[in-house]
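Report on the following structure.
Throughout, read-outs are computed from the coordinates displayed, never taken from laboratory work. Computed from a prediction, not measured in an experiment: that's the story for all the values here. Here the Cβ positions follow ideal geometry from the backbone for every residue, glycine too, while neighbour counts run over all protein chains shown.
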Amino acid sequence: MTDSSESRRYVSRGIAHVPMQAMPEVNVSFVLMRQFTMLAFTSAIEPLRVANQLAGRVLFRWHVYTQDGAPITCSNGIPLTPEGPLPAMAPPGYVMICGGVEPEAACTPALTDWARAQWRHGRTVGGICTGAYALARAGILDGRRFTLHWENIRSFAELFPTLTPVWQVYCVDERIMTCAGGVAAADLVLKLIDDHMGPALSQAVMDMCLMTRRRDAEDEQVTSLTSRLGSRNQHLLNAVNYLEQHLEEPFSIDGCAEHVGVSRRQIERLFRKNLGVTPLQYLAGLRLQHGRALLAETDMSVLDVAVACGYGSTTHFSKSFRARFGMSPHRFSHFRKTKAE
């Protein structure tokens, strides 16, 4: 590639400018899993483009691969053509695996073996959105702090019981980098820009992307429980948190009340007044949503999903699932798998 063609690829023209001293260039290789999330991918790659544009020269180089080099369709149905198949060894620097919906089905042995090889040869390996599934299958998350999209955390935990993701926006643990996806990918890449090129350029990239602040790694992915429930009542917050942590266990309102430190009657009154449901009804909603996620993201049987969600029988689970989502869990699971093929 000539200097002029390289410049056209990596450096777009713009008005704003940030003077930069000579800095080592940084390579970022993106690997797209089947049905990857476009928002997460573009949120990661665009800050790199903007950084080059502001500097007026190549600071970051990016490469986009799929497993076999064939065009790939993202989760919104738009196809994207990569520059090629997975190379034997990615350029020195960062390897970011971009996941999306149905990540377990997209984690092929070839992809996970390749990710493990990159890690062993000194690359920093990352997961964007549900890319952490590939890192887990590659066996490189043991003992690491990592994250993935909140919607997938519970189903991930069922598949990988020895791994514990955190509910943070992003995590950096030595040569493992993960983020929750969506615009959190921009937060992670802005840190990368800050680390390599300094805070002045990082701030200028934020301004160009119309981002008012860069979230820290410790920031939570979703709005606080207080905001979600629309209540600051600490007893209610503690009770809901208790239910969320005990989905698989037999329901005990007395146990919940004891944990919160109030009477059973007070717990029931809090739920009806603030949420319009009983504690049992609220827990049922949590369990069914968890079951839906497991059916969508894993190959678990309906029986195993029912048990994981705290149901004593598949009959009760199936009846409740149909009432909530309009189809049986068997049909939902078959529909999801057929659609993915």
Sum of side-chain charges, residue 96 neighbourhood, beta-carbon under 14 Å (Lys, Arg +1; Asp, Glu -1) | +2
Can you tell me the relative contact order of the chain? Whole percent, Cα pairs under 8 Å, sequence separation 6 or more.
-> 13
How far, in degrees from 0 to 90, does helix 264-275 lean away from the longest principal axis of the Cα atoms of the chain, to the nearest 10?
-> 50
Shape of segment 29-152 from its Cα gyration tensor (a ≥ b ≥ c, root eigenvalues): rounded if a/c is under 1.5, otherwise prolate when a/b > b/c, or oblate?
-> rounded
Determine ³J(HN,Hα), in whole Hz, for all residues of segment 63-73 in sequence, where each value follows from phi through the Karplus function 6.51 cos²θ - 1.76 cosθ + 1.60 and θ = phi - 60°; x replaces Gly and Pro.
-> 10, 10, 10, 10, 4, 10, x, 7, x, 10, 9
Given +1 on the Cβ of Lys and Arg, -1 on the Cβ of Asp and Glu, and no further charges, what dipole in debye does the chain carry about its Cα centre, rounded to the nearest 20?
-> 880
Mean separation of Cα contacts under 8 Å (6+ apart) over length of segment 1-70, as relative contact order % = 50
Segment 286-291 - phi-based ³J(HN,Hα) in whole Hz, Karplus 6.51/-1.76/1.60, Gly and Pro as x | 4, 5, 5, 5, 5, x
Place +1 on the Cβ of every Lys and Arg and -1 on the Cβ of every Asp and Glu in the chain, take the dipole about the Cα centre, and give the residue among 131, 109, 301 whose Cα lies farthest towards its positive end.
-> 301
Neighbours of residue 118 by Cβ distance under 15 Å: Lys/Arg at +1, Asp/Glu at -1, summed charge +3
Where in segment 201-257 are there GluC sites (Glu not before Pro) that are in a DSSP coil and have at most 16 other Cβ atoms within 10 angstrom of their Cβ?
-> 218, 248
Note down the net charge around residue 158, summing +1 for each Lys or Arg and -1 for each Asp or Glu among other residues with Cβ under 10 Å from its Cβ.
-> -2
Per-peptide average of other Cβ atoms within 10 Å, ordering 283-293, 132-142, 320-330, 19-29 highest first = 132-142, 283-293, 320-330, 19-29
Using the reciprocal of the averaged 1/r over all distinct C-alpha pairs, how large is the Kirkwood radius of segment 225-340 in Å?
-> 15.1
Kindly provide the helix-only [θ] at 222 nm of the chain, computed as the sum of -39,500 (n - 2.57) over DSSP H runs of four or more divided by all residues, to the nearest 500 deg cm²/dmol?
-> -14500 deg cm²/dmol
